[in-house]
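Only one structure is covered here, and it is reproduced in the block below.
Please treat every number below as a calculation from the coordinates, not as lab data. A quick note: this is a predicted structure, and the numbers were derived from the prediction, not measured. A quick note on method: Cβ atoms are made from the backbone with ideal geometry, for glycine too, and the neighbour counts reach across all protein chains shown.
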Amino acid sequence: MAASASFKALADATYAKPRVRFKFDDVNYSDYVLKIGQISRDTEVTAGNVNIDVVNTDQTFNILSSTPTKLGNYAQVELYFPGLSEYESLFKGTLEKAIFNTDGTVTLQCRDRMATMLEKPIGYGTAPVTFAATGPASLVWDILTNTNYGELNSGTTTGNPDIDYTSWTNWRTSMNSQSFKLAARSAGASIRELLQLIADLTNSLIWVNGDGKFDFQWSFYSNDRLFTRSNCLAISRDIEEESLANTVGAGYGYDTDTGFWAGLTSSSSVSSQDDYGKKAVYFENKTVWHATSTSASNFCTGYLALHDAPIEHIYLTSTLYGYTAYIGGDVRVTDSLLDISTASLRIEEIDGIDVNKGLIYLSGRLI
Amino acid sequence: MADVMKLKKGATEVNFSPLAREGAYLEPEDQGRVTHLTLDKTVYQYDFADKYLKSVTINNMSQNNAGTIKNWFKAGSTIKYFPDMINAASTSITVKIMGERFPLQIMPEGGWRESEWATCKYTGTLILREA
């Protein structure tokens, strides 16, 4: 759920009283918390782990030892401000391991709630699963919600607890605008691998957000917001051409029976080849592929636009306001010392959320 | 200079001085409060705790006073903390000493022998939280 305007205003205030609530098994254990480690999210279709140190003087957490079935239950870290009845989830995962330390504290190791599901394989060698050509959004929906695969909630409302339905429908619109059609055949690929391939072949980002829901973003989706030096404690930058490509090819119409492709489409940037030399990349994956020439062609055009020049990465350390930025979102910063103009920055990774200091570590690329 | 800070429970007091003598301490630091300076020099201050929370680093404390604090710590007692005896002598805050282990240790420089334990000194950081 997107934060309200009031919540964002408090996150941007120069004086604020942020609070962190820790719930385990739907019980508020905030008073027991000694320290919450950094929370990270990335674009690798998962949320990061988080370690939470709690006091156990009254032996409250001994229940984890006496009732091991408690392991695997939900653990959630939320940010809120007194006076505002709104809790924004920073992390929602499951308790994986409890370490009873010699000093009487307990370290709760929690991991992304989707982590186990993401490792589930689909199909196997002698019985592969084939997904007929369809839009990427429909393909992802099937993988995530089919009772044979992801088994997530299939509710088509914003109340879906597993999939950010608004994000999914916006992404579906973007995918339809590109006439993307994908087909897939899995002989043991994990759900994580399939989602990553779909994201790669559609110039998209798929990840699990702080509320433990799947989120989606097309790399060309406009989502601009102002983010200035007054919100940044540090900015650094690098530029690289390792992932530069000025010829992009993609196979389409793979025939799983004959092993032949219907064709290959490609796009090139002559000016980029003149500037940086010829660098080609081809996509001919036989687990997920473009079903039509138009789909492959539009993918190549988009990929080229993202990669035909050296990639410039920006790393930000922001105040709590950075919480309102999210993966796939655009922010604008200016920094004359680093020669950054008002170009937009696309957030690709939330490297860490330090709830003890109220700092957010973001990285992304100039677009 | 007079003692400027003290802890008190009932009639029992432990006094602190900013000078390097019995109960010398460093200026108490706010816990649960962070201040950030952004690139354009905007100051952001976040208070993460509702309750007063200070850490006080102490040096050169007598065994007698360290023992008193240890008893308060072990019993989980609420005690009175007088943070500024010079400007507000009567102002006190009810606090508890926090932590999993007793925070004061024998100062290492002394090379204390067992026979000298009565005169050894203690050092450490007390975390005081409003009760």
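Observations
- Charging the Cβ of each Asp and Glu at -1 and of each Lys and Arg at +1, and nothing else, the dipole of region A:247-307 about its Cα centre rounds to 100 debye.
- Neighbour net charge for A:Asn28 - beta-carbon separation under 14 angstrom, K R +1, D E -1: -1
- Chain A: C-alpha gyration tensor shape, a/c 1.5 cut-off, then a/b vs b/c: oblate
- Simple point charges give the picture: +1 on the Cβ of Lys and Arg, -1 on the Cβ of Asp and Glu, and for region A:117-217 a dipole about the Cα centre of about 280 debye.
- Here's the picture: charge each Lys and Arg Cβ at +1 and each Asp and Glu Cβ at -1 in the protein assembly as shown, and of B:Ala11, A:Leu306, A:Thr324 the one pushed furthest to the positive end of that dipole is B:Ala11.
- Student exercise, the protein assembly as shown dipole from Lys, Arg, Asp, Glu Cβ charges, in Debye to nearest 20: 1400 debye
- Checking every one of the GluC sites (Glu not before Pro) in region A:171-246 against DSSP loop status and a limit of 14 other Cβ atoms within 10 Å picks out A:Glu241, A:Glu242.
- Applying both filters, DSSP loop and at most 15 other Cβ atoms within 10 Å, to the trypsin sites (Lys or Arg not before Pro) of region B:45-81 gives B:Lys51.
- Aspartates and glutamates whose Cα lies under 12 Å from that of A:Lys8, excluding same-chain neighbours fewer than 8 positions away: A:Glu86, A:Glu88
- Between amide H atoms placed 1.01 Å from N, distances below 5 Å from A:Ala291 occur with A:Lys181, A:Leu182, A:Ala183, A:Gly253, all of them 5 or more places distant or on a separate chain.
- Angle of helix A:165-177 to the longest C-alpha principal axis of chain A, folded into 0 to 90 degrees and rounded to 10: 10°.
- Built amide H within the under 5 Å cut-off of A:Arg237, gap 5+: A:Tyr315
- Comparing A:Cys232, A:Gln273, A:Tyr252 along the charge dipole axis of region A:225-294, the residue lying farthest to the positive side is A:Cys232, per the Cβ-charge model.
- Hz values of 3J(HN,Hα) by residue in region B:39-46 - Karplus curve (6.51, -1.76, 1.60), Gly and Pro given as x: 4, 9, 6, 6, 9, 10, 10, 10
- Value of relative contact order over region A:117-217, rounded to a whole percent, pairs C-alpha under 8 Å and six or more apart: 39 percent
- Amide H contacts under 5 Å for B:Tyr122, placed H, 5+ residues apart: B:Asn60, B:Met61, B:Ser62, B:Met107
- Pairs beyond 21 Å (Cα-Cα), from A:Lys70/B:Lys74; A:Lys97/B:Lys74; A:Lys70/A:Lys92; A:Lys357/B:Lys70; B:Lys8/B:Lys96; A:Lys97/B:Lys51: A:Lys70/B:Lys74; A:Lys97/B:Lys74; A:Lys357/B:Lys70; A:Lys97/B:Lys51
- When the charge dipole of the protein assembly as shown is built from unit charges on Cβ atoms (+1 for Lys and Arg, -1 for Asp and Glu) and taken about the Cα centre, the candidate among B:Pro103, A:Ser297, A:Leu71 whose Cα reaches farthest toward its positive end is B:Pro103.
- Couplings for region B:56-65, taken from phi via the Karplus curve 6.51 cos²θ - 1.76 cosθ + 1.60 with θ = phi - 60°, read 10, 8, 10, 10, 6, 8, 5, 4, 4, 5 Hz in order; Gly and Pro are left as x.
- Helical contribution to [θ] at 222 nm, DSSP H n ≥ 4, -39,500 (n - 2.57), averaged over chain A, rounded to 500: -5500 deg cm²/dmol
- Taking Lys and Arg as +1 and Asp and Glu as -1, the other residues whose beta-carbon sits under 13 Å from that of A:Gly135 total +1.
- Cα gyration tensor shape for region A:247-307, rounded if a/c is under 1.5, else prolate or oblate: prolate
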